[in-house]
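These notes concern the structure reproduced below.
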Amino acid sequence: MRVAVFCASGIGNNEIYLNEIKSLGKFFAKNNIELVYGGGKVGLMGAIADSVMQNGGKVYGVIPEQLEQKELSHTGITKLKVVKNMHERKAEMAANADAFVAFAGGAGTLEEIFEVWTWAQLGFHDKPCIFYNTNGYYDHLFDMINNMVKEGFLKQDYANMLIKTDDKEVMLKALKEYKAPIQKW
């Protein structure tokens, strides 16, 4: 199984995120889950790639030329693919992943997970979308998603398709048992 992880290119203000992403990387490697990620060597993204590699796992990075040229690419991974732009990066990651996990991050992380979630709603794929909720990071976001349902802008089925957990075993079980909802169109 290959899982795309979207996460920060920084480490944040609380050490819990760095420690947990390293633990997640080790968990991936020990459970034969291959990592697909943005190809960077910095921040949480670099930490999970390092952790997977250090624990005998496989890591596939996809990085745009512009970021690769700024020496942000991780050269110590299983395979690094350089693409022209962010659109190609996201398409390549989506095509090569069996599931998507959003870990703590900023606007880019949200944009990436929301795009694949939208694609799932439209029936472009039937892969699970998981919010790994370390330290309650995504609690307020889920309040907003519930408000979207309440206000009639999101069907409950599409809110329910999102998996929110901070437990690796629960995440793994959800990955294995995921059933996509009926497509929107």
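Going by the structure shown, is residue 77 in a loop (DSSP other than H, G, I, E, B), of a type in the set (Val, Ile, Thr) and open to solvent by 10 Å² or more (accessible area, probe 1.4 Å)? Before the answer, list the steps.
Numbers: in a loop (DSSP other than H, G, I, E, B): yes; of a type in the set (Val, Ile, Thr): yes; open to solvent by 10 Å² or more (accessible area, probe 1.4 Å): yes.
Yes, satisfied.
Return the residues of segment 34-61 that are part of a strand (DSSP E or B), more than 13 Å from the chain's Cα centre (by Cα) and of a type in the set (A, V, I, L, M, F, W, C); say none if nothing qualifies.
Matches in segment 34-61: 59 only.
Kindly indicate whether any position in segment 138-149 is surrounded by fewer than 15 Cβ atoms within 10 Å (Cβ to Cβ) and not in a helix (DSSP H, G or I).
No; the residues of segment 138-149 include none that is surrounded by fewer than 15 Cβ atoms within 10 Å (Cβ to Cβ) and not in a helix (DSSP H, G or I).
Please give the number of the condition residue 101 fails out of (1) closer than 18 Å to residue 60 by Cα; (2) of a type in the set (Val, Ile, Thr); (3) over 10 Å from the mean Cα position of the chain (by Cα).
It is condition (3) that residue 101 fails.
Test residue 118 against the criterion of being farther than 27 Å from residue 16 by Cα, in a helix (DSSP H, G or I) and hydroxyl-bearing (Ser, Thr, Tyr), and give yes or no.
Values: farther than 27 Å from residue 16 by Cα: yes; in a helix (DSSP H, G or I): yes; hydroxyl-bearing (Ser, Thr, Tyr): yes.
When the stated conditions are applied, residue 118 passes them.
Within segment 76-99, restricting attention to residues that are among the polar types (S, T, N, Q) and over 17 Å from residue 125 (Cβ atoms), which residue is modelled with the lowest pLDDT?
We begin by selecting, within segment 76-99, every residue among the polar types (S, T, N, Q); these are 78, 85, 96.
Filter once more, keeping what is over 17 Å from residue 125 (Cβ atoms): 78, 85.
Numbers: 78: 98, 85: 95.
Of everything passing the filter in segment 76-99, 85 is modelled with the lowest pLDDT.
May I ask you to list the residues in segment 7-18 that are open to solvent by 50 Å² or more (accessible area, probe 1.4 Å) and either free of Cβ contacts under 8 Å to residues at least 12 places away in the same chain or not in a helix (DSSP H, G or I) (or both)?
Residues of segment 7-18 that are open to solvent by 50 Å² or more (accessible area, probe 1.4 Å), as a first pass: 9, 11-16.
Correct list: 9, 11, 12, 13, 14, 15.
What number goes with the only condition from (1) outside any strand (DSSP E or B); (2) more than 30 Å from residue 65 (Cβ to Cβ); (3) open to solvent by 20 Å² or more (accessible area, probe 1.4 Å) that residue 164 does not pass?
(1)
Would you point out the residue of segment 19-59, among those that are of a type in the set (A, V, I, L, M, F, W, C) and farther than 21 Å from residue 75 by Cβ, that is most open to solvent (accessible area, probe 1.4 Å)?
So in segment 19-59, the residues of a type in the set (A, V, I, L, M, F, W, C) come out as 21, 24, 27-29, 33, 35-36, 42, 44-45, 47-49, 52-53, 59.
From the residues that got through so far, the ones that are farther than 21 Å from residue 75 by Cβ too are 24, 27, 33.
Values: 24: 0, 27: 23, 33: 5 Å².
Among those residues, the one meeting the criterion is 27.
Out of all the residues in segment 1-27, which are of a type outside the set (D, E, K, R), in contact with a helix residue (DSSP H, G or I) (Cβ under 7 Å, 6 or more places away or on another chain) and closer than 16 Å to residue 42 by Cβ?
Within segment 1-27, 5, 6, 7, 8, 9, 10, 11, 17, 18, 21, 25 qualify.
The values are calculated or read from the model by the stated rules, or taken from the named source; none is laboratory data. Bear in mind the structure is a predicted one, so any value in this text is a computation, not a measurement. Please note: Cβ atoms are built from the backbone with ideal geometry, for glycine as well, and neighbour counts cover all protein chains shown. Protein only, heavy atoms only, side chains kept; ligands, DNA and RNA dropped before computing areas. Shrake-Rupley method; radii C 1.70, N 1.55, O 1.52, S 1.80 Å.
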